[in-house]
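Colleague: Sharing a structure with you now.
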Amino acid sequence: MIRALKVALVVFGVVMILMGLWLVIFPDKVASTSDVTGYLRYAIVSLGACLLAAGGFPIAAARDPLRHINWVKFAIAWCILGTAAELYEIARGDVTFSRVGSLMIMHIVFAVVFLMLYPYRRAKSG
C-alpha cells in the first residue's frame, strides 16, 4: 500500500510540474480563447511557478510518505479544493465543463487514489 502511495505521489508531482512548465512557458496558449492582458499573463505564469514548487514536494515525500505525511495531506487537499473551485466556476457560468472537465476529473481521480492509499492507522501511530 505504501509503495502504491509513493507511485501516486510521484505521478501527481510530475503532472503538477508539467502543468506548471506549460503555464510558465506558454501563458498565451493557455488563455488563447480570451483576451489576455498583461496582468492575466502574469497570473498564469505565477500559477505555473506555484505548480512547479508544489509539484516537487510530493515527489520528495514519496521517498518516505509516513515521515512526510503532511505532504500527502497537502496533495489530498489540493485535489479536493481544486475540484471544488472547478465546480464553483462551472456553476457560476465562468467556464464550461468541456473547458475544465479533464482537469477536474484528474483532481477527482488523484483525490480518490490518495484517500484510498492514505495510511490511516500507520500515520496515527507513526
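Throughout, read-outs are computed from the coordinates displayed, never taken from laboratory work. What you see is a predicted model, and the numbers here were worked out from it, not measured in a lab. Quick reminder, even Gly has a Cβ in these numbers, built from the backbone with ideal geometry, and neighbours come from all protein chains shown.
Colleague: Report the residue, chosen from 44, 80, 90, that carries the largest GNM mean-square fluctuation when the chain is represented by alpha-carbon nodes joined by springs under 10 Å.
Modeller: Between 44, 80, 90, it is 90 that shows the largest mean-square fluctuation.
Colleague: Connecting C-alpha atoms closer than 10 Å in a GNM of the chain, tell me which of 108, 25, 76 has the biggest fluctuation.
Modeller: In the Gaussian network model the winner is 25.
Colleague: Considering the chain as a Gaussian network with a 10 Å cut-off on Cα pairs, which listed residue, 94, 28, 64, attains the greatest mean-square fluctuation?
Modeller: Highest fluctuation of the listed residues: 94.
Colleague: Also, I was wondering about something else. For log10 I(q)/I(0) by the Debye sum over Cα atoms at q = 0.10, 0.19 Å⁻¹, one of [x] -0.35, -1.05; [y] -0.29, -1.03; [z] -0.25, -1.00 was computed from the structure I shared and the rest are decoys. Which label?
Modeller: [x]
Colleague: Between 0 and 90 degrees, rounded to the nearest ten: what's the tilt of helix 38-61 against the longest Cα principal axis of the chain?
Modeller: Orientation of helix 38-61: about 10 degrees from the principal axis.
Colleague: If you don't mind, there's one more thing I want to ask. Using a simple charge model, +1 on the beta-carbon of Lys and Arg, -1 on the beta-carbon of Asp and Glu, nothing else, what dipole does segment 2-121 show about its Cα centre, in debye to the nearest 20?
Modeller: Value, rounded to 20: 540 debye.
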